[in-house]
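Asks: Just passing along the structure, written as structure tokens.
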Amino acid sequence: MTKKILITGGAGFIGSHVIRTMVNNYPDYHIYNLDKLTYAGNLKNLTDIENKSNYSFIKGDIVDDAFIMKLFDDYKFDSVIHLAAESHVDRSISNPNAFIHTNIVGTVNLLNAFRNIWKDNFAEKLFYHISTDEVYGSLGEEGMFTEETAYDPRSPYSASKASSDHLVRAYYHTFNLPVVISNCSNNYGAYQFPEKLIPLAINNIKNRKPIPVYGKGENVRDWLWVNDHAAAIDLIFHKGRVGETYNIGGNNEWRNIDLIRLLCEVMDEKLGREKGESSELITFVKDRAGHDLRYAIDSSKIQNELGWKPSVDFKEGLRNTVDWYMDNQQWMEDVTSGTYQNYYKEQYDNR
Ligand code: NAD
Ligand code: TDX
């Protein structure tokens, strides 16, 4: 019998790659994409698979508990892969409430509805919650986050994700809900909304606009190609042990300023500019409030237990990513028109 899998947030950046992976790899599954289509959700991220017979889109809000309860009752999903979230740290600083609603209340609504349809009969069922390395807080110059690192979230975004992780684990312990959680580092690749560092910088470099680097650019992030994250999610969904947590990372740490300099070099080459021309756009601006210094993931558990590892060298992945944004300028124009302009003004004017 066909498995019915609900993927939430499938019109967003990572979700669209997960949808594509699951729809293409598993013709026997029916993949349902539930998305509210906020500013970050875009069905144009899925045009290549939208007509496949094992794919359906459902527009809806995970915060609407009556709607979610009825949806689960109607469709009886076998499994859930939950990615829908408010995902941008800067937005969580200027407007925390949306993060509390979607990331915490929305997750509880999904847990309740899943529990309600299967009661105590959870054989072959799974609730897979997608989380972030940011729940572990901020590292100094040494060390890495493992699955045992104590939670220490420091932004409204990471606190809301930490809350949702705790609730997912509470439903496992209290109600025997079959859950699995993964916590991943910074993703990059095609279809990322240009509020995030890499696509924002690509867009600004192309348009010869200042590249805003927060503080001194010394904060460190671990970058993973989004398709490698999607592959890890596929693997954990099928082979991960129920009740477990898996950390996913690229083992690829970059200071923001070094990453931006590399990106400028790549863009100079691609755009036929003089070497060093794009880096003149680098502009140091006011730091992010409570800016976490460094994230680094120890992903040895998923590597040893499930045989996953990142497949792409960062410099190659970044070049391919730049190529994608250059080849898909209409996509960028579509998502940066209208309300994006207001967001950009609010975030970066007077910074
Ligand atoms: P995104 O902002 O690009 O996409 C989020 C999607 O969720 C959008 O399609 C949006 O329309 C949808 N959504 C938002 N609120 C909703 C609601 N109330 N009901 C239904 N749909 C709603 O996010 P992303 O970067 O693709 O991140 C996806 C998930 O992965 C998030 O849970 C995030 O915390 C996690 N994550 C992201 C990263 C990263 O580097 N981007 C790293 C680790 C974990
Ligand atoms: O204009 C900018 N200038 C800048 O210096 C922006 C947007 C960011 N930055 C810095 C802040 C961070 O140190 O670059 C780094 C990366 O910033 P973001 O792209 O906003 O990502 P980050 O805050 O690290 O969070 C991301 O990774 C973890 C995702 O947005 C989260 O959803 C995910 O959980």
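No lab work stands behind these numbers, since they all come straight from the coordinates. Bear in mind that the values here come from a model prediction, so they are computed numbers and not experimental data. With ideal geometry, Cβ positions are generated from the backbone for all residues, glycine too; neighbour counts draw on all protein chains shown.
Asks: Among Glu280, Glu253, Glu244, rank each residue by its count of other Cβ atoms within 10 Å, from fewest to most, as a rough exposure measure.
Replies: Going from sparsest to densest Cβ surroundings: Glu280, Glu244, Glu253.
Asks: Scan segment 139-208 for GluC sites (Glu not before Pro) in coil per DSSP, keeping those whose Cβ has at most 11 other Cβ atoms within 10 Å, and list them by number.
Replies: The qualifying sites are Glu141, Glu142, Glu148.
Asks: Sorted by mean Cβ packing within 10 Å, highest first, what order do the peptides 44-52, 231-239, 206-214 take?
Replies: 231-239, 206-214, 44-52
Asks: Let me ask something else. Choose one answer from Pro199, Pro27, Pro310: the residue with the largest mean-square fluctuation in a GNM of the chain with alpha-carbon springs under 10 Å.
Replies: Checking each option, the largest mean-square fluctuation is seen for Pro27.
Asks: Between Leu271 and Lys309, what FRET efficiency comes out of the Förster formula 1/(1 + (r/R0)^6) with R0 = 30 Å and r the beta carbon distance, rounded to 0.05?
Replies: 0.35
Asks: Using alpha-carbon pairs under 8 Å, 6+ residues apart, how would you state the relative contact order of the chain in percent?
Replies: This gives 17 percent for the chain.
Asks: To continue, here is another question. In deg cm²/dmol and to the nearest 500, what is the mean residue ellipticity at 222 nm of the chain if only DSSP H runs of at least 4 residues count, each as -39500 (n - 2.57), divided by the residue total?
Replies: Roughly -12500 deg cm²/dmol at 222 nm, from the helical runs in the chain.
Asks: Quick one: which of Lys4/Lys239; Lys119/Lys301; Lys76/Lys196; Lys3/Lys59 span more than 29 angstrom between C-alpha atoms?
Replies: Over 29 Å apart, Cα to Cα: Lys119/Lys301; Lys76/Lys196.
Asks: Just how far, in whole angstrom, is segment 278-351 from segment 107-164 if you go by their alpha carbon centroids?
Replies: 22 Å
Asks: Length gain on complete extension for the stretch Asp64 to Thr146, per 0.36 nm per residue less the alpha carbon to alpha carbon distance?
Replies: Separation in residues times 0.36 nm, less the Cα-Cα distance, equals 26.1 nm.
Asks: Continuing with the same structure: How much length is gained on full extension from Asp74 to Glu244, taking 0.36 nm per residue of separation minus their Cα-Cα distance?
Replies: Residue separation times 0.36 nm, minus the Cα-Cα distance, leaves 58.3 nm.
Asks: Follow-up. For segment 61-165, what is the relative contact order in percent, using Cα pairs closer than 8 Å and at least 6 residues apart in sequence?
Replies: 36 percent
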